[in-house]
Amino acid sequence: MTRHLFRALLPLAFLAGACAPAPPGGARLAATSEQYFGDVTPPHDDTFTYNNGTEPETFDPGLAVGQPDGRVARTIFEGLTVPDPQTLEPRPGQAYRWEMSADGLSYVFHLRPGLVWSNGSPLSARDFQWSWLRVLRPATAARYAGLLYAIENAEAYNKGTLADSNRVGVHAVDDSTLVVRLHAPTAYFLFLTQFYTYLPVPRWVVERYGDRWTRPEHIVSNGPFLLDFWRQQNRFEFVKNPRYWNAGAVRLDRIVAYSVEELNTSTNLYKAGVFDWNPSGYIPSQFIPYLRHYKDYRHGDYQGVYFYSINVTRKPFDNVWVRRALTYAVDREAIANDLLKGSREPWGNFTPTGYPGYDHPPGITYDPEKARECLRRAGYPDGSGFPRISILFNTSEDHRRIAEAIQAMWRDVLHIEVELSNQEWGSYLQATTALQYDVARRSWIGDYLDPNTFLGCLISGDGNNRTGWSNPRYDALLRQASVEVRPEKRMALLREAEALLLDESPIIPIYHYSTNELVKPYVRGLYRTALDTHPLTGVWIDRDWRRHEAPLAGTATERP
Amino acid sequence: MDTVNFVTRRLLMMIPTLWVIATLTFFMMRLAPGGPFLAERDIPVAAKEQLMRKYGLDLPLGRQYLRFLGNTVRFDFGPSYKFPQRQVSEIIREAFPVSAELGAWALLLAILLGVPIGVIAALRQNTPVDYASMAAALIGVSVPNFVLGPVLVLGFSLTVFLFPPALWQGWQSRVLPVLTLSAAYIAYIARLTRAGMLEVLRQDFIRTAMAKGLPDRMVVFKHALKLGILPVVSFLGPAAARIVTGSIVIETIFAIPGLGRHLVNGAFNRDYTLVLGVVLFYAVFLMVLNLVVDVAYTRLDPRVELK
């Protein structure tokens, strides 16, 4: 009895109040209604406060990797195109129009007249050319340089095999015209030009201050907001950029972006009304079933997949039948619906949903009979003679629970012994990169709306492959797709590649990511999107929100 | 031996100690699997080589070590690997005052509450007052701060909005983290004071003072307390060190931009320069605090001599 009580109370203590029911009253919480999670009093000025999450490593657009870095970079810089806040379709940004050649190989971007940096210096097409070449220059060591490989000769220049930057396919023909030549037609190129790696940076500041150019006292930018204050592991403050070309459309005066890593703390701050937005990834998964009932909770598909990767360079995983046995013995429904309380979608494909024009091959489904049959064909009838294997995961409660569930599934279905190996982040990364594991927990989040952002990872020898799997036919299919001009044909090639990948099973897909976020009802213009990208340019605070409380577009709870 | 001599000698002894700590930390960091430029998303080989060269990580380990020692002597730890736009010294300068402030408030509160509770408990030994305060102290010591923190947040910022649930802006935001951090120390100091006072109260000179007819108040505050809190004083050195260096959990729960989080995140990120800088800084801080306590001790208790 005592033990039960203790076990019941312990998680409560950990999770603090975020899971408590809406508080009954109190002066500060007067506006709380049962339908919303916590305080719904709008701020008295046009300030938008949110949690940006983990402290960004850098917000130098050319070097940034990851959501928190990208959110800051996109708030203060603007690219040739900007994502539509709802659909993420490319819209005119610093370029007001562009043309694509008939063969899809070249683009001409026309910059708006009179563009300036935040210090008043004119911004020209040369700034874009210099910024893109900077990302590609080997000395810059940009992790996302690969996103520019669509450009002619970019890869060779980045890898150091081509020294002449003039041969890279980006040229400013005059102050306002940028001509880009691609090495193959790239259907998603205009999506790329809005990505942070493609944002322009001020050459003279970068050259003068080196690594320290992004500090508030030095930085010069061109986006809707300017960096006003930064304190590490605490917060960023941005103010409206009066020199932004569309400053009239910017309704916020100030944005405060906190760097709170802890999920419970972030959710508490949202509940107390400090944060107006608690973005996806900062709500503890245990809260989600409870938060579903609130009007300020939003949920939808996110372009990410949680999977296990198999080290095919080790025995017995070099045998495709062993890999198939393992993948068919995973009950994805049980993991997503029971273990994770429906906060995730079970998923049997490697590429996620939501890619325009892409039709998935049939996904892997749970099939214990088939799994046992595969194991028999691999030479281990009923698991006999199968060596003890281990599942590697990095420290996290959810990863552990999933690993335990899969351990049990493999034991029950295949009668094989599985041990769990938990490592902290750095050691885990080392083990997966150096192929020192049997089966490892992994995940992948797409960078742009195209299956290539996933399938490209498993090309032979790719740094993100990390399975040791190499298949000449798979590589050939992806190569063919990369030069294919007809979109349907291209998608068919990618589909064939994914089907081959699933059949070969170097990876075991488990679930599809979802976005789970909390947005106060008075925040307007902040939409849920498939890439979890949120342009803040058009966000505003509606102090009169009660008057049209009926869900406005974009503030409604969206369910897939 | 006079104080100046003692202090000088102790300061000189810090040098070999720091060298050992620096060396151990340096090699332990390198032994940990992985490295600063390993990420979930692969870094192109060329980019990684470039970064390794930039930070001198391509050199043989021996030379890296010598270079590190040389830089350390000049108090230059270089930029953080994870946050290259910031110098390690700058991170320490910005974050340490926050941890120090949090720790100072917590320690002050611990003394202001812990000492009186201990004195009262000792004077009312074996009465309900004594039992109640010692029971409370036992709870204070036993409840871990990662439980107490969220419970306080639940009570005082989510159920009734009195204080913000986290962050470090304005005095209101200081209340809950300071309370959480100090709880265990209040309890510990109360117990130490009680034990110290009980011992002193039994001694002859106290009996003499009583016999002379001095008022109780005078006996307690003038004679007994001065010796009775000696155990507390010797506890304060390590406590101050532990409270400042060990507030990592509180800093995480309350999203406080202190140095503890930098150290832990630095270790996870294999941010070699940041970890080395912070470890050495903490080492100096701890040694100086211990020295201060030793010197303070002689001022309170003439029987103690500096050796």
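The values are calculated or read from the model by the stated rules, or taken from the named source; none is laboratory data. Not measured: the values here are computed from a predicted model. All Cβ positions, even for glycine, are placed from backbone atoms using ideal geometry, and neighbour counts span all protein chains on display.
Points worth noting:
- Considering the conditions (1) among the aromatic types (Phe, Trp, Tyr); (2) over 25 Å from A:Thr58 (Cα atoms); (3) modelled with pLDDT of 90 or more; (4) out of contact with any strand residue (DSSP E or B) (no Cβ under 7 Å at 6 or more places or on another chain), A:Tyr244 is excluded by exactly one of them, (2).
- Total residues in the stretch B:23-82, condition of a type in the set (D, E, K, R), within 14 Å of chain A (Cβ to nearest Cβ) and within 31 Å of the chain's Cα centre (by Cα): 2
- Yes/no for A:Gly426 being within 14 Å of another protein chain (Cβ to nearest Cβ) and either aromatic (Phe, Trp, Tyr) or farther than 30 Å from B:Met28 by Cα (or both): no
- Filter result for the condition that a residue is closer than 24 Å to B:Ala184 by Cα, touching a helix residue (DSSP H, G or I) at 6+ places or on another chain (Cβ under 8 Å) and within 14 Å of another protein chain (Cβ to nearest Cβ), over B:Phe268, B:Phe235, B:Phe254: B:Phe254
- Residue within the stretch B:295-303 that is free of Cβ contacts under 8 Å to residues at least 12 places away in the same chain, of a type outside the set (S, T, N, Q), surrounded by fewer than 22 Cβ atoms within 10 Å (Cβ to Cβ) and not in a helix (DSSP H, G or I) present: yes
- Total residues in the stretch B:141-154, condition within 8 Å of chain A (Cβ to nearest Cβ) and free of Cβ contacts under 8 Å to residues at least 12 places away in the same chain: 3
- Within the stretch A:460-471, the set of residues being away from chain B (no Cβ under 11 Å) and surrounded by fewer than 19 Cβ atoms within 10 Å (Cβ to Cβ) comprises A:Ser460, A:Gly468, A:Ser470, A:Asn471.
- Residue in the stretch A:57-91 that is surrounded by the fewest Cβ atoms within 10 Å (Cβ to Cβ), counting only those that are of a type in the set (Ser, Thr, Tyr) and at pLDDT 90 or above: A:Thr81
- Which listed residue is surrounded by fewer than 16 Cβ atoms within 10 Å (Cβ to Cβ), under 19 Å from B:Val233 (Cα atoms), away from chain A (no Cβ under 14 Å) and of a type in the set (A, V, I, L, M), from B:Leu112, B:Leu138, B:Leu201: B:Leu112
- Strands (runs of 3 or more DSSP E) fully within the stretch A:226-316 counting 1 or more residues that are assigned by TED's automatic domain parsing to the domain that holds A:Gly363: A:297-310
- Any chance A:Thr533 is among the β-branched types (Val, Ile, Thr), crowded, with 19+ Cβ neighbours inside 10 Å, outside any helix (DSSP H, G or I) and under 20 Å from the mean Cα position of the chain (by Cα): no
- Of all residues in the stretch A:234-255, those that are more than 30 Å from B:Gly260 (Cβ to Cβ) have Cβ atoms under 6 Å from Cβ atoms of residues that are assigned to a strand (DSSP E or B) and among the basic types (Lys, Arg), 6 or more apart or on another chain, in A:Val239/A:Arg254; A:Val250/A:Lys240; A:Asp253/A:Lys240.
- Exclusive hit being touching a residue at least 24 places away in the same chain (Cβ under 8 Å), within 14 Å of another protein chain (Cβ to nearest Cβ) and within 24 Å of A:Asn452 (Cα to Cα), set A:Pro68, A:Pro90, A:Pro85, A:Pro56: A:Pro68
- Residues within the stretch A:122-151 that are away from every other protein chain (no Cβ under 14 Å) and farther than 20 Å from A:Tyr96 by Cβ, tallied: 4
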